[in-house]
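Only one structure is covered here, and it is reproduced in the block below.
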Amino acid sequence: FCLTLLIRLRRAMACVHGVHCCSWHLTCCMKRVLTLIPVFALIKRTGAATCPGKIDIPGYGPVALTNAGSNVPGETVGPLEIASSSHIVAHMNARTYFADACTEGTYRNNDYLAMRLLGKNLKYTANVSAAGCGCNAAFYLVSMKQNTNISSCSDYYCDANQVCGVKCAEVDIQEASKRAWHSTLHSNSDSAGVGGGFGGGDRWNGPRDFTSEEYGPGARCIDTLRPFDVMVSFPTDEQGSLKAMQVTLTQTGNNCPLTINLNDYHSMAEISLALAEGMTPVVSYWKSGDMLWMDGKGDDGQGPCAADTQSCGESVSFYGFTLENIEPLGNIDLLQPMRSPPTTSPPTVPFQPEPSALPPQPLPPGAPAMQPPIHLPPRTVPTTKPPIHLTPRTIPVTQPPIHLPPRTVVVTQPPIFLP
């Protein structure tokens, strides 16, 4: 390629300067210069530029895009176009990193974006209508900014499967085609991870959170022949740690959103730490004859693809990226009952004569939370004047006793007459 380019450049320059020129100088030059057009087209098509441009993400700001050093070691990376300030078009074999800065021909891990997504929603629109069986249109997060190993792709790329020889935590928001969808959490030592979505399986079953009647070409919820909206949420608990990754797919005109809730993973703490430190978003588009792990029929026969035919169109697109805080309701576990916030001041508690005898009354549904009643111990109410207790007393007699002299009682007896 390089030799062909140099030969054509030399002949064109010689023509311009009149060396070895044919009789019609202008015609000669035009013919030889035109031979360079396919070469320049090839340069553009191979995506040689490191920095294709910038997009804007409301809620974050401007983002510089950086094309990979190579798709896999030894394979040239495919091109990526920026159709507008927020519209990315990824061609086959493209892999592009989101960064804060990009320098042509140079890769520095510190330049990559470290998006902190705990407690955030990330929204975008995807068009995967060209991606058939054996095709993978991906949008995911990896810990590239923290990776100091340049990797075998010469661009500091890392992931859970060590594609370029370096492993790190990976959060797959989207690995998809128009037939299948996967969302997966990977610690840096877990290449399989835990996932959800639809499709996959070769003598085993992939995720079955929805069906081909709900997701696929002409499906009733997400018709993949048209663009659809994606929202990924990273709600946290009271300590600020990750509770789950929640992915919601919606489409204008269809009122049946599809949801994935990954809230049970043995390495959730590692994923939470990676999100807190900040992860680099990545867009890629690739194909393989060994993609049945994502789109295969599975042991139950319910998956979408019997074989990976690699019927992949030229490009897929991602656009309308937006970053926002999760609203308060977004951090409430939908499996738990909703509770109203406490009132700002305690209500007046009426006096209860016997508070211990009154059982607590449940609040009616939807009523605001109230402070529980205050139970006071029973008390004795004193009378206005305590009773007077008198001890018995002996009252002395003031008059001395009267002593009477003895008296002789004269008994009068009638006289006795003797005969």
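Name the one entry in Ala180, Ala244 that is touching a helix residue (DSSP H, G or I) at 6+ places or on another chain (Cβ under 7 Å), buried (at least 18 other Cβ atoms within 10 Å of the Cβ) and at pLDDT 95 or above. On inspection, the qualifying residue turns out to be Ala180. Scanning the range 278-327 for residues that are among the hydrophobic types (A, V, I, L, M, F, W, C) and closer than 13 Å to Val128 by Cα yields Val283, Trp286, Cys312, Val316, Phe318.
Within the range 237-265, the residues that satisfy the criterion of being among the polar types (S, T, N, Q), in contact with a Cys (Cβ under 9 Å, 6 or more places away or on another chain) and in contact (Cβ under 8 Å) with a residue 12 or more places away in the chain are Thr250, Gln251, Asn254.
Rundown of residues vs (1) at pLDDT 95 or above; (2) in contact with a helix residue (DSSP H, G or I) (Cβ under 6 Å, 6 or more places away or on another chain); (3) crowded, with 24+ Cβ neighbours inside 10 Å, yes/no style:
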| site | (1), (2), (3) |
| --- | --- |
| Val77 | no, no, no |
| Ala114 | yes, no, no |
| Ala130 | yes, no, no |
| Cys133 | yes, yes, yes |
| Tyr140 | yes, no, no |
| Asn149 | yes, no, no |
| Tyr157 | yes, no, yes |
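Filtering Ser272, Ser233, Ser212, Ser241 for residues that are within 16 Å of Phe139 (Cα to Cα) and small (Gly, Ala, Ser) leaves a single hit, Ser233. Taken over the range 157-213, the criterion of being over 28 Å from Arg226 (Cα atoms) and of a type in the set (S, T, N, Q) is satisfied by Asn161, Gln162, Ser187, Asn188, Ser189, Ser191.
Would you point out the residue of the range 194-239, among those that are modelled with pLDDT under 95 and on the phi > 0 side of the Ramachandran plot, that is surrounded by the fewest Cβ atoms within 10 Å (Cβ to Cβ)? Checking each candidate, the answer is Arg203. When the range 287-298 is limited to residues that are touching a residue at least 40 places away in the same chain (Cβ under 8 Å) and not hydrophobic (A, V, I, L, M, F, W, C), the one that is surrounded by the most Cβ atoms within 10 Å (Cβ to Cβ) turns out to be Asp295. May I ask you to verify whether Val171 is buried (at least 23 other Cβ atoms within 10 Å of the Cβ), in contact with a strand residue (DSSP E or B) (Cβ under 8 Å, 6 or more places away or on another chain) and closer than 25 Å to Lys120 by Cα? Yes: the conditions hold for Val171. All told, Ala49 meets the bar of being over 24 Å from Thr248 (Cα atoms) and not polar (S, T, N, Q). Residues in the range 110-131 that are assigned to a strand (DSSP E or B) and under 25 Å from Ala219 (Cα atoms): Leu122, Lys123, Tyr124, Thr125, Ala126, Asn127, Ala131. Restricted to the range 59-75, and to residues there that are at pLDDT below 90 and part of a strand (DSSP E or B), the residue that is nearest to Leu118 (Cα to Cα) is Val72. Consider the range 86-109 and keep the residues that are assigned to a loop (DSSP other than H, G, I, E, B) and farther than 30 Å from Arg179 by Cβ. The one that is nearest to the chain's Cα centre (by Cα) is Asp100.
Going residue by residue through the range 330-338, is there one that turns out to be open to solvent by 90 Å² or more (accessible area, probe 1.4 Å), modelled with pLDDT under 95 and outside any loop (DSSP other than H, G, I, E, B)? Scanning the range 330-338, I find no residue that is open to solvent by 90 Å² or more (accessible area, probe 1.4 Å), modelled with pLDDT under 95 and outside any loop (DSSP other than H, G, I, E, B), so the answer is no.
Could you tell me whether Ser284 is open to solvent by 10 Å² or more (accessible area, probe 1.4 Å) and among the polar types (S, T, N, Q)? No; evaluated as a whole, the condition is false for this residue.
If the Cβ limit is 7 Å and pairs must be 6+ apart or interchain, which residue in the range 122-143 that is within 15 Å of Met294 (Cα to Cα) pairs with which residue that is among the aromatic types (Phe, Trp, Tyr) and open to solvent by less than 10 Å² (accessible area, probe 1.4 Å)? Correct list of pairs: Ala137/Tyr285; Phe139/Phe318.
The values are calculated or read from the model by the stated rules, or taken from the named source; none is laboratory data. Note that this is a predicted model, so its numbers are computed, not measured. In this analysis, Cβ positions are derived from the backbone assuming ideal geometry, glycine residues included, and neighbour counts consider all displayed protein chains. All accessible areas refer to the heavy atoms of the entire protein, side chains included, with ligands and DNA or RNA removed. Shrake-Rupley method; radii C 1.70, N 1.55, O 1.52, S 1.80 Å.
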